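Enquirer: Can you keep this structure in mind? I'll have questions shortly.
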Amino acid sequence: MKSIVISDVKLSDGSSVSIGMRDGVITEIGAQISSDYDETILGTGLTALPGFVDLHTHLREPGKEDAETVLTGSQSAVAGGFTAVSAMANTNPVADTAGVVEQVFRLGKEAGLCEVFPIGAVSKGLMGEQLAELGAMATSAAAVRIFSDDGKCISDPLLMRRALEYVKSFNGLIAQHAQDPRLTVNAQMNEGEISSTLGLAGWPAVAEESIIARDILLADHVQSRLHICHVSTAGSVEIIRWAKSRGISVTAEVTPHHLLLTEDLITGYDPIYKVNPPLRSQRDVEALRTGLADGTIDIVATDHAPHPREDKDCEWAAAAFGMTGLETAFSVVFTAMVKSGLMSMERLVEVMSTAPARIAGYIGQGSLAIGSPAHITLVDLASDYPVNARSHLSKSSNSPFNGLVLSGRVRDTLFHGVAVLRNGTLTGERFA
Amino acid sequence: MSNLLSINDLTLDQALGILRTAAELEKLTEGGAKKLPTLRGFTIVNLFYEDSTRTRISFESAAKRLSADVINFSAKGSSVSKGESLKDTAQTLQAMGADAVIIRHGSSGAAARLASSGWIKASVINAGDGTHEHPTQALLDAFTIAKRFNLLNNEGQIFVGLKVAIVGDILHSRVARSNALLLTKLGAEVTMIAPPTLMPVGVAAWGVSSDYSLDNRLAEYDVVMMLRIQSERMTDSYFPTEREYARRYGLNSERLGKMKESAILLHPGPMNRGLEISAESADAENSMVLEQVSNGVLVRMAVLYTLLGGPTMVDEVVKA
């Protein structure tokens with residue numbers, strides 16, 4: 001394996017260093033390091049960050065390979081600077097058995113571009129009725145630790161309680177998609193003045209907040225860990241802030257799109273903006289930004305949800321929910337949070353890499369320490385560029401950011417010391 | 001103006017233009033001109049994804065009186081029931097040479113998608129999209145009101161001083177949305193009356209006031225517009241029973257008696273006699289239900305005229 005040095009690169013705190021790696025492991029970091037490396041990556045003008053870690057990714061395989069595969073999703077991930085993604089369970093068949101999660105895990109290994117950690121379903125077939133074989137998935141080769149019925153809410157309080165309790169025996173984590181199904185029957189967009197004017201069925205904030213409040217109380221009662229997927233309302237932030245102040249073991253994620261986009265975009269009925277949970281108001285966006293900056297919200301997760309063209313090239317009600325996000329996540333978070341002065345680059349590293357790795361227990365991810373696997377992303381913070389969804393490596397191009405000018409761009413990604421992305425282009429190399 | 005998707009697409013002058021064109025067309029028809037040659041050679045498609053006999057017939061009749069060729073496309077028993085997408089259906093109609101597509105669709109925004117997504121070049125007229133809008137219904141209601149109160153020759157906001165109540169399932173009503181926008185644009189003072197469960201969130205943003213009681217100010221309204229109540233609203237717990245709804249929000253003869261003598265009663269139809277409106281009220285002298293139907297054809301002629309022919313053609317025909 002080639003030894004590589006990244007020379008004259010900045011760290012997130014602004015200091016200039018060189019980073020050396022041998023056999024895929026970081027061996028040296030400092031202003032002055034040894035010089036006998038096989039290859040030098042000139043880091044001048046770039047910033048080195050630990051590879052990003054996504055806890056919420058839809059890779060669509062098995063079942064929806066026309067939208068994405070584990071391979072194309074991995075390519076999209078490294079183009080966005082991610083060195084670990086978490087494949088959501090709502091595939092077909094559902095990832096509710098050891099067999100399916102092992103298949104996804106193996107496909108990730110074969111792709112060799114980033115780590116692919118399968119998420120297991122909480123309930124059999126995502127039906128919300130009966131627990132899936134959580135223990136079997138946990139002890140499988142995929143070693144699943146996160147379980148989620150994402151796309152569907154575990155609305156039955158008893159099933160939720162049992163799930164929270166059951167995963168304690170193998171330190172598992174339940175990631176809840178908080179959406180009361182009865183309060184969101186046929187819901188299409190955030191409930192408010194705009195939904196009323198557009199005649200689209202409203203998706204009230206309380207449908208999310210009531211489930212979050214209930215689950216926080218349940219997690220406290222059974223002394224288990226709870227993770228809240230894609231928080232989207234100001235009220236949810238308040239409830240999570242309260243829970244944390246009480247020492248309840250809850251973590252939360254926010255998506256890049258909920259940090260930047262608002263419901264106003266829907267007035268033309270373009271389904272590119274159709275997503276679950278829905279885009280909310282400016283007030284919600286501001287509360288989410290504050291919550292992410294002050295630590296109420298722990299991490300950014302993409303909820304990358306690729307869909308084939310025909311599922312968005314139609315009328316609003318017929319369109320699928322979801323947006324791609326892997327390849328724009330860093331730029332969106334940098335633009336909305338760092339460039340705007342709301343948080344530091346160190347905090348960005350925390351929310352996009354360190355904290356998700358810690359929450360999920362992804363050992364070796366989220367660190368630039370000597371001795372860690374060399375999962376490194378180089379970004380150019382001075383770059384402003386228009387997003388071009390057609391150039392994305394994802395198999396789908398349903399990006400709501402298409403055409404928007406964003407700041408901060410991912411240039412290179414190293415996975416186990418292998419440069420899988422250079423200057424924004426796949427090198428064709430993989431980690432075997 | 002090449003499409004009519006929402007009342008928001010119309011300026012005050014354009015809205016007045018359509019109403020006045022309808023009045024001119026009425027004079028022409030009353031003068032014996034049953035059919036006008038204006039749109040000869042034009043192909044107009046009625047693309048109806050929902051059953052709606054009266055709206056479809058009204059548009060068909062309007063188009064035929066202007067000598068256009070009309071194609072009726074109903075989703076039932078067509079390629080749509082075989083899973084064809086809106087885009088493919090629309091492009092098929094375009095390929096057959098449609099100059100205008102009149103679309104009725106169950107999905108809010110379907111007309112807007114058809115007009116703005118680059119799928120087709122034809123003019124798009126919204127004949128009702130989900131729970132969003134039904135602009136030609138609002139125009140025909142405004143025309144009915146303007147005629148009755150003899151306001152068409154006024155300038156600017158011709159409905160200033162007029163009080164209008166819209167009563168019923170505001171939440172799910174495209175008629176209510178279009179009327180709120182148009183009647184306030186024309187200067188009327190509009191009040192939405194519904195049980196709280198059927199009142200949209202943030203309805204004040206429409207420029208209207210709202211009231212949970214029909215009896216509160218019933219004697220003040222110049223126009224009372226009753227909306228149809230769908231029976232499935234009851235099973236979804238928007239209100240307890242039909243009987244309770246009729247008692248609290250139905251226009252019965254007692255309430256009819258409390259209305260201003262000059263006030264008129266509108267209903268977009270089809271009516272549920274005995275639910276939102278009693279038979280006495282529906283057949284009362286000040287009920288304009290049948291006028292609404294005949295005005296509907298005139299207003300839709302005026303819309304087709306304006307979109308496909310343009311004002312100069314209107315002038316020519318009117319002069320002729």
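The values are calculated or read from the model by the stated rules, or taken from the named source; none is laboratory data. Not measured: the values here are computed from a predicted model. Reconstructed Cβ throughout: ideal geometry from the backbone, glycine too, with neighbour counts over all protein chains shown. Accessible surface areas use protein heavy atoms only, side chains included; no ligands, DNA or RNA. Shrake-Rupley method; radii C 1.70, N 1.55, O 1.52, S 1.80 Å.
Enquirer: How high is the relative contact order of chain B, given as a whole-number percent (alpha carbon pairs under 8 Å, six or more residues apart)? Mind dumping the intermediate values first?
Expert: Values: 590 pairs, mean separation 62.8, N = 320.
Relative contact order for chain B comes out at 20 percent.
Enquirer: Now for a separate question. Please determine, in degrees from 0 to 90 and to the nearest 10, the orientation of helix A:70-79 with respect to the longest principal axis defined by the Cα atoms of chain A, where the helix direction is its Cα long axis.
Expert: The two axes meet at around 60 degrees.
Enquirer: If you don't mind, another one. Which one, A:A243, A:A205, A:T267, is farthest towards the positive end of the dipole of the stretch A:51-360 when Lys and Arg carry +1 and Asp and Glu -1 on their Cβ?
Expert: Value: A:A243.
Enquirer: Still on this model: Restricting to chain B, compute how many DSSP beta bridges are antiparallel as a %, nearest 5. It would help to have the intermediate numbers written out before the result.
Expert: Working: 1 of 36 bridges.
Antiparallel bridges make up about 5 percent of those DSSP assigns within chain B.
Enquirer: OK, next. Only Cα pairs under 8 Å and at least 6 apart count here; give the relative contact order of the stretch B:1-113 as a rounded whole percent.
Expert: 31
Enquirer: Between the helical axis of A:98-111 and the dominant principal axis of chain A, each derived from Cα atoms, what acute angle in degrees is found, rounded to the nearest 10?
Expert: Compared with the principal axis, the helix lies near 30 degrees.
Enquirer: Under 26 Å between alpha carbons, and skipping anything fewer than 8 positions from B:K64 in its own chain: which lysines qualify?
Expert: B:K27, B:K34, B:K35, B:K76, B:K121, B:K147, B:K319
Enquirer: At 1.4 Å probe size, put A:D180, A:D54 in order of accessible surface, largest to smallest. If you can, show how the numbers build up before the last one.
Expert: Details: A:D180 40, A:D54 0 Å².
Heavy-atom accessible area, descending, gives A:D180, A:D54.
Enquirer: Collect residues whose amide H, placed 1.01 Å from N in the peptide plane, falls under 5 Å from the amide H of B:L162; neighbours closer than 5 in sequence don't count.
Expert: B:E189
Enquirer: Between the helical axis of A:282-294 and the dominant principal axis of chain A, each derived from Cα atoms, what acute angle in degrees is found, rounded to the nearest 10?
Expert: Roughly 50 degrees, rounded to the nearest 10.
Enquirer: In the protein assembly as shown, what percentage of the DSSP-assigned beta bridges are antiparallel, given to the nearest 5? Walk me through the intermediate numbers first.
Expert: Numbers: 30 of 92 bridges.
Just about 35 percent of them are antiparallel.
Enquirer: Averaged across the residues of B:104-115, what count of C-beta atoms belonging to other chains lies within 10 Å of each residue's C-beta?
Expert: Working: counts 0, 2, 2, 10, 11, 13, 6, 2, 7, 10, 1, 0.
Mean partner-chain Cβ count within 10 Å for B:104-115: 5.
Enquirer: Full-extension gain between A:K109 and A:F321, please, as 0.36 nm times their residue separation minus the C-alpha to C-alpha distance. Mind dumping the intermediate values first?
Expert: Numbers: separation 212, 0.36 × 212 = 76.32 nm, distance 2.88 nm.
Working it through step by step, the gained length comes to 73.4 nm.
Enquirer: Other chains' Cβ within 10 Å of A:266-275 residues: what's the mean?
Expert: Details: counts 1, 3, 5, 12, 5, 3, 0, 0, 0, 0.
Other-chain Cβ atoms within 10 Å of each residue's Cβ, averaged: 3.
Enquirer: List the relative contact order of the stretch A:51-360 as a percent without decimals, with contacts defined as Cα pairs under 8 Å and 6+ residues apart.
Expert: Values: 677 pairs, mean separation 51.9, N = 310.
Here the relative contact order equals 17 percent.
Enquirer: How far is the Cα center of the stretch A:317-348 from the Cα center of the stretch B:6-62, in Å?
Expert: For the stretch A:317-348 versus the stretch B:6-62, the Cα centre distance is 48 Å.
Enquirer: Continuing with this model, one more query. Using the Cα centre as the reference, give the magnitude of the dipole from point charges on the C-beta atoms of the stretch B:3-124 (Lys, Arg: +1; Asp, Glu: -1; all else neutral), rounded to the nearest 20 debye. Intermediate results must be reported in sequence, preceding the final value.
Expert: Numbers: 15 positive and 12 negative charges, 48 e Å.
Here the size comes out at about 220 debye.
Enquirer: Let me ask you something else. Among all stretches of chain B without exposed GluC sites (Glu not before Pro) (DSSP loop, at most 14 other Cβ atoms within 10 Å), which one is longest?
Expert: Numbers: sites that count: B:E84, B:E155, B:E261, B:E285.
No qualifying site falls inside B:156-260, the longest such stretch.
Enquirer: How many lysine pairs does the stretch A:51-360 hold where the Cα atoms are under 20 Å apart and the two sit 8 or more places apart or on different chains?
Expert: Within the stretch A:51-360, the lysine pair count is 10.
Enquirer: Next up: What's the FRET efficiency of B:K121 with A:R182 using the Cβ-Cβ distance as r and R₀ = 30 Å, to the nearest 0.05? Before the final figure, lay out each step's value.
Expert: Numbers: r = 44 Å, r/R0 = 1.45.
The calculated FRET efficiency here is 0.10.
Enquirer: Taking the Cα centroid of the stretch B:216-243 and of the stretch B:257-271, what is the distance between the two, rounded to the nearest whole Å?
Expert: With the stretch B:216-243 and the stretch B:257-271 each reduced to a Cα centre, they are spaced 14 Å.
Enquirer: With charges only on Cβ, +1 for K and R and -1 for D and E, what is the dipole size of the stretch A:247-293 about its Cα centre, in debye, rounded to 20? Kindly include the intermediate steps, with their values, before the conclusion.
Expert: Details: 4 positive and 6 negative charges, 16 e Å.
Charge dipole of the stretch A:247-293: 80 debye, to the nearest 20.
Enquirer: Leaving ligands and nucleic acids out of the surface, order A:L326, A:L217 by accessible area at 1.4 Å, largest first.
Expert: The residues order as A:L217, A:L326, largest area first.
Enquirer: For B:198-210, what's the mean count of beta carbons from other chains sitting within 10 Å of each residue's beta carbon?
Expert: Details: counts 0, 1, 8, 8, 8, 3, 2, 5, 3, 0, 0, 0, 0.
For this peptide, the per-residue mean of nearby foreign Cβ atoms is 3.
Enquirer: With unit charges on the beta carbons (Lys and Arg positive, Asp and Glu negative) and the dipole taken about the Cα centre of the protein assembly as shown, which residue among A:V25, A:Q75, A:T91 sits farthest to the positive side?
Expert: A:T91
Enquirer: Quick check: pseudo-label points 7 Å beyond the Cα along Cα→Cβ at B:S294 and A:D294, how many nm apart are they?
Expert: Those two pseudo-labels are separated by 6.7 nm.
Enquirer: How many angstrom lie between the Cα centre of the stretch A:195-263 and the Cα centre of the stretch B:147-178?
Expert: The stretch A:195-263 and the stretch B:147-178 have Cα centres separated by 42 Å.
Enquirer: Also, I was wondering about something else. Among DSSP beta bridges lying fully in chain A, give the percent that are antiparallel, nearest 5. Mind showing how you got there, number by number?
Expert: Numbers: 29 of 56 bridges.
Percentage antiparallel, nearest 5: 50.
Enquirer: Further question: Applying a 10 Å radius around every beta-carbon, put A:377-389, A:281-293 in order of their mean neighbour count, most first.
Expert: Ranking the peptides A:377-389, A:281-293 by packing returns A:281-293, A:377-389.
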